[in-house]
Amino acid sequence: MASSKEYLDYILEQLSDLEDITYRAMMREYILYYKGKIIGGIYDDRLLVKPVKAAVRYMPEANYVLPYEGAKEMLLVDNVDSREYLMGLLKAMEPELPAPKPKRR
């Protein structure tokens with residue numbers, strides 16, 4: 001099942017108070033970036049984030065799920081209706097996320 005543009009728009013609206021939120025469509029799903037760093041994505045209309053230590057601490061009860069067959073497990077974000085919760089999660093995660101890789105020419 002592919003993710004809908006409407007769900008992406010909803011998540012982006014929830015995060016609209018943060019600067020530097022971008023996305024990239026990839027195989028009918030969406031990769032989300034914060035300050036140029038991959039934080040996770042939208043898969044099957046679910047917001048999933050990388051399981052960095054800050055995210056695990058922020059969401060200790062979160063379920064680990066596979067975004068797609070053969071992928072690494074990610075954390076399912078259940079509380080997408082709270083703007084403050086989502087923004088707090090991304091702010092907590094950002095320092096632990098790897099810097100973007102340099103683009104090849």
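Kindly indicate the residue of segment 59-85 that is of a type in the set (Ser, Thr, Tyr) and out of contact with any strand residue (DSSP E or B) (no Cβ under 9 Å at 6 or more places or on another chain) and also surrounded by the most Cβ atoms within 10 Å (Cβ to Cβ) among those meeting that condition. Checked segment 59-85; the qualifying residue surrounded by the most Cβ atoms within 10 Å (Cβ to Cβ) is Tyr85. Within segment 21-45, the set of residues being under 16 Å from Met74 (Cβ atoms) and either among the hydroxyl-bearing types (Ser, Thr, Tyr) or surrounded by fewer than 19 Cβ atoms within 10 Å (Cβ to Cβ) (or both) comprises Tyr23, Met26, Met27, Tyr30, Ile31, Tyr33, Tyr34, Lys37, Ile38, Tyr43, Asp44, Asp45. Considering only residues of segment 2-15 that are touching a residue at least 24 places away in the same chain (Cβ under 8 Å) and not aromatic (Phe, Trp, Tyr), which is nearest to Gly88 (Cα to Cα)? Within segment 2-15, the match that is nearest to Gly88 (Cα to Cα) is Leu15. Scan segment 86-100 and tell me whether some residue there is exposed (fewer than 11 other Cβ atoms within 10 Å of the Cβ), within 24 Å of Lys5 (Cβ to Cβ) and not polar (S, T, N, Q). No, every residue in segment 86-100 fails to be exposed (fewer than 11 other Cβ atoms within 10 Å of the Cβ), within 24 Å of Lys5 (Cβ to Cβ) and not polar (S, T, N, Q). When restricted to residues that are more than 10 Å from Lys5 (Cα to Cα) and basic (Lys, Arg), segment 25-42 contains 2. Screening Ala62 against (1) under 20 Å from Ser3 (Cα atoms); (2) under 14 Å from the mean Cα position of the chain (by Cα) leaves a single unmet condition, (1). When segment 47-82 is filtered for residues that are of a type in the set (Lys, Arg) and at pLDDT 95 or above, the ones remaining, listed by number, are Lys50, Lys53, Arg57. The residues of segment 1-39 that are farther than 14 Å from Met87 by Cα and small (Gly, Ala, Ser), listed by number, are Ala2, Ser3, Ser4, Ala25, Gly36.
Every test in (1) surrounded by 11 or more Cβ atoms within 10 Å (Cβ to Cβ); (2) part of a loop (DSSP other than H, G, I, E, B); (3) aliphatic (A, V, I, L, M); (4) out of contact with any Phe, Trp or Tyr (no Cβ under 8 Å at 6 or more places or on another chain) is passed by Leu18 save one, and that test is (4).
The values are calculated or read from the model by the stated rules, or taken from the named source; none is laboratory data. Worth saying up front: this structure is predicted, and the values here are computed from it rather than measured. All Cβ positions, glycine included, derive from the backbone under ideal geometry; neighbour counts span all protein chains shown.
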